[in-house]
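A.B. asks: First the structure, which I've put down as structure tokens, then a few questions once you've had a look.
Quick note: the coordinates plus some simple rules give every number you see, no bench work behind them. All figures in this text were calculated on a predicted structure; none of them were measured in a lab. Every residue, glycine among them, receives a Cβ derived from its backbone with ideal geometry; neighbour counts consider all protein chains shown.
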Amino acid sequence: MTADAIAKAIDVFTHVRDAVSRQSFEHAVSQFEQLLGRVPDAAPADISVEEIGVLQTFSEEVIERIEARVERAAVSGPHEQMLISRLYEIRRLLEEIDSWQRHVATRRPS
């Protein structure tokens, strides 16, 4: 990832963290999910282990924030179901990134 991509990740994470309204939170989570989805498309030289670590840390925080919003809901409705779907998708993307990273690591010269 480029420095711009990491800056974008920080920006998107900040929006997730600071979102107050349901709509802004959903939008920020969607953007974060899209960002994670682009990682396996990156060239191995474009993203470092440290950058992946940053994304994983942000992902854990996003997951915690989704879980907190779902838990605060008095009744589980469509909004909460959508957030749970996004949570599962973020976890799936993290697994995909982990597999991609292991594959890339085996192909990098020692």
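A.B. asks: Order by neighbour count: Ser48, Ser21, fewest other Cβ atoms within 10 Å first, most last.
C.D. replies: Numbers: Ser48 12, Ser21 8.
Lowest count first: Ser21, Ser48.
A.B. asks: Once you have the Cα-Cα distance between Lys8 and Ser85, take 0.36 nm times their residue separation minus that, and quote the gain in nm to one decimal.
C.D. replies: Values: separation 77, 0.36 × 77 = 27.72 nm, distance 2.31 nm.
This chain segment gains 25.4 nm when fully extended.
A.B. asks: Rounded, prolate or oblate: pick one for segment 26-66, where a ≥ b ≥ c are the square roots of the eigenvalues of its C-alpha gyration tensor, a/c under 1.5 means rounded, and failing that, prolate if a/b is larger than b/c, else oblate. Mind dumping the intermediate values first?
C.D. replies: Details: a/c = 3.95, a/b = 1.59, b/c = 2.47.
Note, shape of segment 26-66 comes out oblate.
A.B. asks: Kirkwood Rh, Cα Rg: Rg to Rh for the chain? Walk me through the intermediate numbers first.
C.D. replies: Values: Rg = 14.9 Å, Rh = 14.6 Å.
Here the Rg-to-Rh quotient is 1.02.
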